[in-house]
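The values are calculated or read from the model by the stated rules, or taken from the named source; none is laboratory data. Please read these numbers as outputs of a predicted model, since none were measured by experiment. With ideal geometry, Cβ positions are generated from the backbone for all residues, glycine too; neighbour counts draw on all protein chains shown. The protein model used for the area step is the full one, side chains on, heavy atoms only, and it has no ligands, DNA or RNA in it. Shrake-Rupley method; radii C 1.70, N 1.55, O 1.52, S 1.80 Å.
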Amino acid sequence: MEQTRNLDPKVRECIRKRGFAELSEIQSLALPQVQAGKHLILIAPTGTGKTESAMIPVLDALLKGRSAGFSALYITPLRSLNRDMLQRLSWWCTELGITVGVRHGDTTATERRKQALSPPELLITTPETLQALFMGKVLRKHLRNIRYVIVDEIHELAGGKRGAQLTVALERLAEYCGEFQRIGLSATVGNPGEMGRFLCGERDFSVVEVDVSKHLDISVEFAGDSFEKQARWIEEAMDRHGSTLIFVNTRVTAEALGHQLFSRGDVDVHHGSLSREVRIDAEERFKAGQLRGLICTSSMELGIDIGHIEHVIQFGSPREVSRLVQRVGRAGHSLYETSRGTILATGFDDLLESLVIARRAKAGEVEDVHPPLNPADVLANQVAGMAVEYGRISRERIRRIIGRCSTFSMAGDLLDRVCTQMAEHRLIRLDGDEVITTLRARRYLAANLSMIHDERKVQVFDMVSRRTVGTLDESFVVGSVYTGAVFITKGQLWRVLDLEEGRIIVEPARRVKGELPSWEGEQIPVPFAVAREVGELRRTRSFPAYDAGGPSDRFASAFLAEMDRNRSRVPDDRLIMLESGQEGVVCNCCAGHRANEALGRAISVLLSARFGTTVGIEIDAYRILFRLPSHVAAADVRDVLVGLDPAHVEGILQIAMKRTALFKWKLVQIAKKFGAIDPDADYERLSSYRLIELFENTVVQQEAYRELFSVYMDVPAAARVLAQVRDGSIAVEIGRLSILGADGLFSSRDQMPPPLTDQAVLSTLRRRIEGQEIILACMNCRKWKSRTVAGRVQEHPVCPRCGARLIAVLKPWEEPLYAVAAKKEKSGEEKAVEARLFRNANIVLSGGKKAVLTLAAKGVGPEIASRILATLTDGDAFFAEILKAERNYIRTRKYW
Amino acid sequence: MTLGFFGGGPALLVSNTMRVLSVADLHLGIESDLARHGLHFRSRSRDRLERLEACINDAAPDLLIILGDLKHGVPYTSRQEFREIPGIVERLRSLVPVRIVPGNHDTGIERFFEPEEILPKEGAVVDGTGYVHGHMYPDPSLAGHLIIAGHHHPLASLRDEVGCAMRSPVYLFSPANEQCLGFPPGDRESTRVLFMPAFNELSGYDLVRTVRDPFSPLSRCIRWDAAEVFLPDGTFIGPVSSLEEYGADQEP
């Protein structure tokens, strides 16, 4: 315990009382560094005494130099973690006589007032509440003596906008109290250096890391692909090991598995949709040993203390290495004990993916965390925050403050563009270089402390019955609901017709192929590197080298052997297979969800432009299904894929995404952060179909693209695949639909409308004309007429009476003309009618069905019909000619 | 008589013995009202004026008729309107003689126009065509004419085979039920109504909703079964019933 020698005796006494015979690895590594005053990133699994390793020296320092106001901030991403931390740190603080408090959204007004009057030395809080601290005059005063800021679970924050907001807040803080020591606590990440830059900007920092991988004991099992067998396997594993955490990827799976295991009486379910009371009750019972198994989602990943865990089961592939490490890391934990975890794989893709992720976890190949670069809406939010904080502040100073964050260190002219945009929405005023607060800015800030978008309820409105049939969470809508998508609510199927802000317009749907989006939406994407390695494993088939057990090896080998027997080529990391099936073309491409999303959308928009048809796409980590009309073949998809220039992908996607519901929702969320739209705005006031145009070429639109292209899809990875297709290191082949191509659970669906909005017009025109009632009348025998609709007429209509093909096409109201033509004696006028009908019939004789369709159009007589037919156009171009003719006709008096 | 469609407006040119250009529902000042409801955008009045000037340039009309709801605030006149409208009206006057048929939002419009520029609220016949805003029963003198009306902001959704919707402002054309409008019987041409799309790009009201719940005398007195829909550039879409494709494949 020699590291503790220069600690205050009271602190040493506490360590003894806590029963720490010796410091843990992370503690002994971190302690001297913290004492030396260095900025620090501490990387270690949850429960290894990471918090104490930072807090022991901080508490020690607090004892040594006391001052008024807050002295240290402990920031965690969750309120529940705050509560947990308060419990843990209260003991230390009471023993040492240091005041401690917690402040977050749930803190009562009384408590807040007390804190304003006598601020605790150690304040536990969330990034959002830190924002609020800058708003009050009294609280701001208490910020002057802060010497330490500890950010817990920093890997959770760094990858998103909350983290970007937090780093700006830290620089704003430094304006009050000067430099303070920064300590970040993180789970294992691939790029600890980036975490350090994220927290400290340009300042020097050290990284202290405990290698988790050597303490991980991970295996992959396969128990058959039926859910019952899998549940039974889990039961047996629970009986073998004792206290078990069972991680699942979705809430629906959690509920389903819970349903299977409830009868045991010692299993419960824990996920975000359950109320806080229910969750805390489950945590307590698990901690007390009353529960043997707890089925949970990512809700249990973070460091909430639930006592000793013997074994972690991951049900289905964990999708990401970091997730697996984090989850399995919850087991064991008396510091040096190993953590035991088992992945129960559920199918072919799932098994290979699990093997790859397990190998990478053991080798310490954890994913990087990518902090967003220059998120404009965060900047807008922070500019508003500083405007309110200072009343009036120069852009020069703002630029200096944000420039210290790595997130905004290369912002260029972004600040000016953001300020101009905000001023347009009257959130701030600009006076030369100065930013001036407005009355609205304070109100805005109160509603926008958080970069987490507040979950609004979205109404589901049935177009047919014209009533509201239910509500959905906004996040579900953003993740899973697109124009054309089908989903279930209230036990019924609905198809989405349109999304307006605040409501979804739907119609009842009959049925749909494939899996339906559930309440979940929380799709965890498989990273590019993992998907590539799965492709490699498909190629090498070296399952034993991946420590696959007997059942796993046999299942995977048998699956591939069947592919061989069927003469289906196995798509892998060097082969993209395009397989034609009934529903369209499956593009088997091992590139992960986000790269496939980018590829799929880019290819589909090109296909829809080339063939003038809507293309539906569905995506998973290993395949893209293009729903295509029958005349578009796999070879057409190949041509587009091979011809796609990697450098053009982003540009194509910008056009492609613009009309999607996802883009619209993103845009609205970002516009809210710019103060364009209040949280309680009455969207009914604005015909929202034009909303997108209001943000054309603005920084708001740019941010929506930035977020889509970095969070929802991986454009650089997609470009890499295309580059490899170009240089031949990835081959593209065509085949029939294989069992592998048909496999897999499609879960992300969307439709790419063709770029011409005219398509909808032409489709409507075509439907109308084909549905137009007409009368076919024989001009040869003049004794046969028949009423039908234009679309039903055969290619060359024939008179059933005389066999002639001289058939005139009449509109219903022209029917009396036929009687005129049949007359023996005709007046001059009547002769003219007859001549007209003859010309009409002659056109049908030579033009066939196309002539029939032409003559069914509004105001199109024989003259115009022959002019249209003479253009020799087909398909959409043909209908476009009809459209032009109608447009001419209706400009005339005769019409109106 | 011929009609010219200016899709960039939308604006409509009626050519008979003279050329009359009409636009409806500019709703100048809508932004200050939106702001009161939580939507904060800069004023786009200037853009609207430029669009209208372009239509006037293209159409070279002898007369401009504003079919009501030039302004947005009702029953007050907002600061934004006081600031912007005089200049806009002045600019239009300098290009072409202007008339306005006041709409329900045009309270206090007398302030901005000369008395002779203001036509009766109940509508007027100009060069053989009737013009009315559309929120009141039209004057009987409009009977037997084509009546051009605003007020309804018709907006339609079009779908292709896969269901992707395009939304567009539209014209709506229909024979009128003269008895319902209170027109005396007479030997003359039948009365027809042409509803114009709103000129204000932020306004739009789903046509199908108007069909189901007609909210004005005019929309209650037209024959919806015979009503036809046109795009702002004059493209004929089809009868209103063809828009109600919604739910075509629903279960019984």
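What share of Cα pairs, in percent, lie more than 15 angstrom apart in the range A:257-320? Result for the distance tail: 52 percent. Phi-derived couplings, Karplus 6.51 cos²θ - 1.76 cosθ + 1.60 at θ = phi - 60°, listed residue by residue for the range B:134-146: x, 9, 10, 5, x, 4, x, 5, 7, 4, x, 10, 6 Hz, with x used for Gly and Pro. Mean per-residue shielding of peptide A:764-773 is 4, counting Cβ atoms of other chains within 10 Å of each Cβ.
Stokes-Einstein diffusion of the range A:571-755 at 10 °C, 1.306 mPa s viscosity, Kirkwood radius from Cα pairs, rounded to a whole number: 93 µm²/s. Element breakdown for the protein assembly as shown at a 1.4 angstrom probe: carbon and sulfur atoms account for 49% of the accessible area.
I'd like the Kirkwood hydrodynamic radius of the range A:524-656, using the inverse of the mean 1/r over distinct C-alpha pairs, in Å. Across the range A:524-656, the inverse of the average 1/r is 15.9 Å.
Between A:Arg12 and A:Leu430, the simple spin-label model (points 7 angstrom out along Cα→Cβ) gives 6.1 nm.
Among residues other than A:Arg801 with Cβ under 11 Å from its Cβ, the summed charge is +3 (Lys and Arg +1, Asp and Glu -1).
Of the two radii for chain A, the radius of gyration is 1.07 times the Kirkwood radius, both from the alpha carbons; that is the Rg over Rh value. Shown here is the pair-distance distribution of the range A:1-84: with all Cα-Cα distances grouped in 10 Å bins from zero up to the longest one, the shares run 15, 49, 33, 3 percent. FRET efficiency for the pair A:Arg867 and A:Glu650, taken as 1/(1 + (r/R0)^6) with r the Cβ-Cβ distance and R0 = 45 Å, rounds to 0.55. Using the Cβ-Cβ distance between A:Glu562 and A:Glu830 with R0 set to 45 Å, the FRET efficiency works out to roughly 0.05.
Taking a straight line from the alpha carbon of A:Lys894, these lysines sit under 20 Å away, with near neighbours fewer than eight places off in the same chain left out: A:Lys811, A:Lys858, A:Lys884. Here the protein assembly as shown is assigned +1 on the Cβ of each Lys and Arg and -1 on the Cβ of each Asp and Glu. Its dipole about the Cα centre then comes out at about 1020 debye. Here the range A:346-420 yields Rg over Rh of 1.34, to two decimals, using C-alpha coordinates and the Kirkwood radius. The Rg/Rh ratio for the range A:376-447, using Cα coordinates for both the radius of gyration and the Kirkwood hydrodynamic radius, is 0.93. Pairwise inverse Cα distances across the range A:767-889, averaged and inverted, put the Kirkwood hydrodynamic radius at 14.4 Å. Per residue, the Cα convex hull of the range B:72-214 amounts to 153 Å³. Would you give the gap between the C-alpha center of the range A:607-668 and the C-alpha center of the range A:66-120, rounded to a whole Å? With the range A:607-668 and the range A:66-120 each reduced to a Cα centre, they are spaced 52 Å. For A:Ile75, the residues whose amide H sits under 5 Å from its own are A:Thr125, A:Ile150, A:Val151, A:Asp152, ignoring neighbours fewer than 5 places away on the same chain, with H placed 1.01 Å from N. Multiplying the residue separation of A:Arg88 and A:Ala633 by 0.36 nm and subtracting their alpha-carbon distance yields 189.9 nm. Taken over the Cα atoms of chain B, the convex hull encloses 143 Å³ per residue. Projecting label points 7 angstrom from Cα along Cα→Cβ for B:Asp233 and A:Asp416 puts them 3.8 nm apart.
Between chain A and chain B, roughly 5400 Å² of accessible surface gets buried, counting both sides and using a 1.4 Å probe. Our coupling estimate for the range A:843-852, obtained by passing each phi through the Karplus curve with A = 6.51, B = -1.76, C = 1.60 and θ = phi - 60°, is 5, 5, 4, 8, x, x, 4, 4, 5, 4 Hz, Gly and Pro reported as x. Students often forget the sequence filter, so: which lysines lie under 17 Å Cα-Cα from B:Lys71 once same-chain residues fewer than 8 apart are removed? Those lysines meeting the cut-off are B:Lys121. In straight-distance terms, cross-link reach from A:Lys831 covers every one of the aspartates and glutamates whose alpha-carbon lies under 18 Å from its own, apart from those fewer than eight places away in the same chain; here that gives A:Glu814, A:Glu815, A:Glu863.
Amide H contacts of A:Ile576 (H built 1.01 Å from N, in plane; Pro and chain starts excluded): A:Ala731, A:Val732, A:Glu733 sit under 5 Å, all sequence-distant by 5 or more or on other chains.
The distance from the alpha carbon centre of the range A:826-896 to that of the range A:767-825 is 14 Å, rounded to a whole number. Taking the charge dipole of chain B about its Cα centre, with +1 at Lys and Arg Cβ atoms and -1 at Asp and Glu Cβ atoms, the residue from B:Trp224, B:Ile109, B:Val132 reaching farthest to the positive side is B:Ile109. Measuring r between the beta carbons of A:Asp225 and A:Ser263 and using R0 = 22 Å, the FRET efficiency lands at 0.45. Taking the Cα centre of the range A:376-447 as reference, the dipole from Cβ charges on Lys and Arg (+1) and Asp and Glu (-1) amounts to some 240 debye.
Dividing the summed helix terms, -39500 (n - 2.57) for each DSSP H run of n ≥ 4, by the number of residues in the protein assembly as shown produces a 222 nm estimate of -12000 deg cm²/dmol to the nearest 500. Across q = 0.08, 0.10, 0.15, 0.18 Å⁻¹, the range A:2-209 modelled as identical point scatterers on its alpha-carbon atoms has Debye log10 I(q)/I(0) values of -0.24, -0.38, -0.92, -1.37, in the order of the q list. Taken as Cα centroids, the range A:350-364 and the range B:65-107 sit 69 Å apart, rounded to the nearest whole angstrom.
Near the amide H of A:Thr471, within less than 5 Å, lie the amide hydrogens of A:Val460, all on another chain or at least 5 residues away, with H placed in the peptide plane. With the simple model of a label 7 Å out from the Cα in the direction of the Cβ, B:Ser94 to A:Val642 spans 6.3 nm. In order along the range A:170-183, phi translates into HN-Hα couplings of 5, 6, 5, 4, 4, 5, 8, 10, x, 5, 9, 7, 10, 10 Hz, rounded to whole numbers, per the Karplus curve 6.51 cos²θ - 1.76 cosθ + 1.60 with θ = phi - 60° and x for Gly and Pro. Per-residue shielding of A:668-678, expressed as the average number of other chain Cβ atoms within 10 Å of the residue Cβ, stands at 2. If you add up the charges near A:Pro544, with Lys and Arg at +1 and Asp and Glu at -1, over every other residue whose beta carbon is less than 14 angstrom from its beta carbon, what do you get? Around A:Pro544, the charge tally is +1.
Kirkwood Rh over Cα pairs of the range B:1-126 into Stokes-Einstein at 37 °C, 0.692 mPa s: D in µm²/s? Taking Rh from Cα pairs, D becomes 220 µm²/s.
Note: relative contact order over chain A, using C-alpha pairs below 8 Å and six or more positions apart, is 9 percent. For the range B:119-159, the equivalent ellipsoid derived from the Cα gyration tensor has semi-axes of 23, 12, 8 Å, listed largest first.
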